[in-house]
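Scroll down for the structure; my scribbles are underneath it.
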Number of protein chains: 2
Amino acid sequence: MKIITISREFGSGGREIGKRIAQKLGYDYYDSEIIASVAQKSGLDPHYVESTLDNHGWQDFAISFGGTIHSVEYLQASKIELLVQQRKVIEGIAALGKDCVIIGRNADVILKDYNPFNIFVCADRDAKLKRCRERAREEEHLTDRELLRKMKEIDKARARTRDFLSGTEWGQREAYHLVINSSDWDIKILSDAVADFAERWFNSRT
Amino acid sequence: MKIITISREFGSGGREIGKRIAQKLGYDYYDSEIIASVAQKSGLDPHYVESTLDNHGWQDFAISFGGTIHSVEYLQASKIELLVQQRKVIEGIAALGKDCVIIGRNADVILKDYNPFNIFVCADRDAKLKRCRERAREEEHLTDRELLRKMKEIDKARARTRDFLSGTEWGQREAYHLVINSSDWDIKILSDAVADFAERWFNSRT
């Protein structure tokens, strides 16, 4: 079984690259399907599940210690429960035994015993802004500055969740087989190139 | 003209990958040739030039400021002169107008107006140790711990020189088109895959 995982900066096009790779290689594709399954199993609204898992769930509070005020971050209990549920869904996907592409959700860490091919997609700031503008209607009313802040917050939440789950650093180069900067590419050509790259890796291991 | 630059962690196999890519694509290959040329132009011993440019040249000294001792890092004047000379040699290579692969030496920064395809090669700690053991006779007498310290020092010197030249962070993912972890690969298959990846990028831009 061949599993490709895609981690990505918000706005880098990682999701589209993953979808195209799955199409080209004839693999199953998992993205919002995971959220839907977590929502179904927990009896919660999918929008709530998505928002809690992807963007929020971290809270700060101040404690006084040794005469100084410290800010402490903690995870909402509800998010921890959803992360456990999500892990089970992802393990369930792998247990199906079919080749697949999984977007985000730390699948590279959760499924490491399956030896997935792990990709991280990044992009330059301007390329990400442009992509967000073209894609997301809900972002239309945001200024560049607000959009950049949103991108930064989402990436920060992803990094925190990864650290929480695995103690490893999000986006750290050694953790992935391939880190690509999508800024300078036509996304179709890039997706094809990455799919071929991943196939060579799988073939070299069989 | 197509230029591929390879930055790399010490022991990651970046040099061999670069050589194989150049062979496969029929490009010129520049590595120690650059040192030889700098040495010739400056009338200095190639070993001194290599050691100063690659590994050393940074010195610390302590200054007292505001009642506290600070450690300050500075670059030897001799290293700055060699870096200027090296920049000229690298610009001279590009001015030849021939497709080429250039190993290290911040060629990606120096030649950025030529739109090179920039690769960074990293590897896991154990893979780098293994590779160093297999390759370098001079390292044979070092313990793992000493070898790791050496690897770390060389990478640190590379990072400092890059920061000094360009104000950018060495190994930061956005600065490269492709970051690859060589640990899990047969180096020949990886080199072929990277060469094809780079060719697609060049072809998509013409």
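The values are calculated or read from the model by the stated rules, or taken from the named source; none is laboratory data. Please read these numbers as outputs of a predicted model, since none were measured by experiment. So basically every Cβ, Gly included, is an ideal-geometry build from the backbone, and we count neighbours across all protein chains shown.
Could you list, in sequence order, the residues of the range A:101-118 that are outside any loop (DSSP other than H, G, I, E, B) and either in contact with a Phe, Trp or Tyr (Cβ under 6 Å, 6 or more places away or on another chain) or over 20 Å from residue A:195 (Cβ atoms) (or both)?
Here is the first cut: in the range A:101-118, the residues outside any loop (DSSP other than H, G, I, E, B) are A:101-103, A:107-110, A:112-114, A:117-118.
Hits for the range A:101-118 are A:101, A:102, A:109, A:110, A:112, A:113, A:117, A:118.
In the range B:112-125, what count of residues is obtained for those that are farther than 9 Å from residue B:3 by Cα and either touching a strand residue (DSSP E or B) at 6+ places or on another chain (Cβ under 7 Å) or touching a residue at least 12 places away in the same chain (Cβ under 8 Å) (or both)? Steps first, answer last, please.
Step one: of the range B:112-125, the residues farther than 9 Å from residue B:3 by Cα are B:112-113, B:119-125.
After this cut, where a residue has to be either touching a strand residue (DSSP E or B) at 6+ places or on another chain (Cβ under 7 Å) or touching a residue at least 12 places away in the same chain (Cβ under 8 Å) (or both) as well, the list is B:119-125.
Qualifying residue count for the region: 7.
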Being touching a residue at least 12 places away in the same chain (Cβ under 8 Å), farther than 30 Å from residue B:197 by Cβ and not small (Gly, Ala, Ser) is the filter here; which residues of the range B:24-43 pass it?
B:38, B:41
Out of all the residues in the range A:56-78, is one or more modelled with pLDDT under 95, among the β-branched types (Val, Ile, Thr) and part of a helix (DSSP H, G or I)?
no
Across (1) β-branched (Val, Ile, Thr); (2) away from chain A (no Cβ under 14 Å); (3) touching a Gly at 6+ places or on another chain (Cβ under 9 Å), residue B:119 clears everything bar (2)
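Okay, residues lined up against (1) touching a Gly at 6+ places or on another chain (Cβ under 9 Å); (2) surrounded by 14 or more Cβ atoms within 10 Å (Cβ to Cβ); (3) away from chain B (no Cβ under 14 Å); (4) closer than 28 Å to residue B:183 by Cα:
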residue: A:123; (1), (2), (3), (4): yes, yes, no, yes
residue: A:133; (1), (2), (3), (4): no, yes, yes, no
residue: A:143; (1), (2), (3), (4): no, no, yes, no
residue: A:163; (1), (2), (3), (4): no, no, yes, yes
residue: A:198; (1), (2), (3), (4): no, yes, no, yes
Against the conditions (1) under 20 Å from residue B:104 (Cβ atoms); (2) of a type outside the set (A, V, I, L, M, F, W, C); (3) within 8 Å of chain A (Cβ to nearest Cβ), where does residue B:167 fall short? Just the number, please.
(3)
With B:128, B:156 as the choices, which residue is more than 14 Å from chain A (Cβ to nearest Cβ) and either of a type in the set (Lys, Arg) or surrounded by fewer than 19 Cβ atoms within 10 Å (Cβ to Cβ) (or both)?
B:156
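So which of A:189, A:180 is without any contact (Cβ under 8 Å) to a residue 12 or more places away in the chain, within 9 Å of chain B (Cβ to nearest Cβ) and of a type in the set (A, V, I, L, M)? Before you say what the answer is, go through the steps one by one.
Details: A:180 fails: without any contact (Cβ under 8 Å) to a residue 12 or more places away in the chain.
Answer to the check: A:189.
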Identify all residues within the range A:165-192 that are closer than 21 Å to residue B:183 by Cβ, in a helix (DSSP H, G or I) and not polar (S, T, N, Q); write none if there are none.
A:173, A:174, A:175
